[in-house]
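The values are calculated or read from the model by the stated rules, or taken from the named source; none is laboratory data. Keep in mind it's a predicted model, so treat the numbers as computed, not measured. Counting neighbours? That spans all protein chains shown, and the Cβs are built from the backbone with ideal geometry, glycine included.
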Amino acid sequence: MSGPGKRQGCALVTGGSRGIGAAIAVALAAEGWPVAINYRSDAEAAERTAQRIAADGGRAMSLQADVTDPSQVEDAFQRLEAEIGPALVLVNNAGIRSDDLALTLGEQEWGRVLDTNLTAAFRTTKRALRAMIRARFGRVINVASVVGPRANAGQSNYAAAKAGLIGMTKTVAVEVARRGVTVNAIAPGLIATDMTADLDGTLLSAVPARRAGTPEEVAACARFLASEQAGYVTGSTLFVDGGLGA
Amino acid sequence: MSAAVTEEQVEQVVVESLESFGAEKDAITRDATLESLDIDSLDLAELSQIVEERFGIELKGSDVAEVKTVGDAVSLIVERTS
């Protein structure tokens, strides 16, 4: 498709050390983007992903920051701008789960999931837009979920955050559209990663495709949304779910 | 840094910015309203960013909301840098 071309910038993937985030980092690096792999705690996994990219001839740096901490986010942006340029592609992928029925879900677990999955995405988006609107080019890709648009018992916090992320995607998209900046969401369904390893098989039986998706299948969509060719796609949500949300 | 900023420098930055947002060069006068130049809230947000980078001052949305003309924008920035 198309990478940065002559643009001096990079791609930043939050929660990029493992799973869907790592696959997206690899896919964007293959497009020619220097990639910053943000991680909170798993430095080893982030480094492994960076090394894999380097082995394929790409450029990557691992970037530690807890996205729920505003000062760490600002510091991370300054580090990546100094090392590999401003983030012209931002993939808000960092996410956590903390499942319980609403009847027994603690406020702390509600807040923690909202902070990481929604508020942090606003924080990084706001920061990244500064360079994007000046560059008259930018791609924000929010990794939402089929949960949010669709119900999933035990995930009221996660569903609220992901539905909120889709709402934010649409509104920010219209705010910045005429600066050449697109903002889209990807809504993965059941994807085989560490995060979903503990789920029982009942969800799988609800998937029309009768299989879990792969991180690479999600990454292929991110790769498209980040491309030059996707310049007229904005405010949309691309479901990658084997038909689960259809 | 802010002590050395002149009104002419501010005006130049404002005019260049407005031009880059698509305003007609000939229409950019001190009395021209931002509305008549088709300058909207996104443009003003970007102008605030440019001003912050160039002059080291932060303009908040509530400050900028009071700005109606090009002259208002110049005056606000000059006032904040002095």
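Remark: pairs (first residue in the range B:16-43, touching a residue at least 40 places away in the same chain (Cβ under 8 Å); second residue among the hydroxyl-bearing types (Ser, Thr, Tyr); Cβ separation under 7 Å; 6+ apart in sequence or on different chains) = B:Arg30/B:Thr69; B:Asp31/B:Thr69. Output the residue which, of all residues in the range B:46-58 that are within 14 Å of chain A (Cβ to nearest Cβ) and aliphatic (A, V, I, L, M), is nearest to A:Val176 (Cα to Cα). Among them, the one singled out is B:Leu47. Residues in the range B:52-82 that are aliphatic (A, V, I, L, M) and more than 13 Å from B:Glu7 (Cα to Cα): B:Ile57, B:Leu59, B:Val64, B:Ala65, B:Val67. Can you confirm whether the range B:63-73 contains a residue that is touching a residue at least 60 places away in the same chain (Cβ under 8 Å) and within 12 Å of the chain's Cα centre (by Cα)? No; the residues of the range B:63-73 include none that is touching a residue at least 60 places away in the same chain (Cβ under 8 Å) and within 12 Å of the chain's Cα centre (by Cα). Here are some conditions: (1) modelled with pLDDT of 95 or more; (2) in contact with a helix residue (DSSP H, G or I) (Cβ under 6 Å, 6 or more places away or on another chain). B:Val5 meets all but one. Which one does it not meet? Tallying (1) modelled with pLDDT of 95 or more; (2) in contact with a helix residue (DSSP H, G or I) (Cβ under 6 Å, 6 or more places away or on another chain), B:Val5 fails exactly one: (1).
Screening the range A:138-178 for residues that are touching a Leu at 6+ places or on another chain (Cβ under 7 Å) and within 14 Å of chain B (Cβ to nearest Cβ) and picking the one that is surrounded by the most Cβ atoms within 10 Å (Cβ to Cβ) gives A:Gly138.
Each residue in the range B:15-26 was checked for being over 19 Å from A:Arg179 (Cβ atoms) and surrounded by 13 or more Cβ atoms within 10 Å (Cβ to Cβ), and 1 of them qualify. I'd like to verify a number: residues in the range B:32-76 that are out of contact with any strand residue (DSSP E or B) (no Cβ under 9 Å at 6 or more places or on another chain), basic (Lys, Arg) and part of a loop (DSSP other than H, G, I, E, B), how many? Going through the range B:32-76 one residue at a time, the tally reaches 1. Suppose the filter is aliphatic (A, V, I, L, M) and touching a residue at least 24 places away in the same chain (Cβ under 8 Å); does A:Ala185 pass it? Against the criterion (aliphatic (A, V, I, L, M) and touching a residue at least 24 places away in the same chain (Cβ under 8 Å)), A:Ala185 qualifies.
With respect to A:Gly58, is the statement that it is in contact with a Phe, Trp or Tyr (Cβ under 9 Å, 6 or more places away or on another chain) and either surrounded by fewer than 16 Cβ atoms within 10 Å (Cβ to Cβ) or without any contact (Cβ under 8 Å) to a residue 40 or more places away in the chain (or both) true? Judged against the criteria, A:Gly58 is a match. Residues that are more than 14 Å from chain B (Cβ to nearest Cβ), buried (at least 16 other Cβ atoms within 10 Å of the Cβ), among the β-branched types (Val, Ile, Thr) and in contact (Cβ under 8 Å) with a residue 60 or more places away in the chain occur in the range A:107-124; there is at least one.
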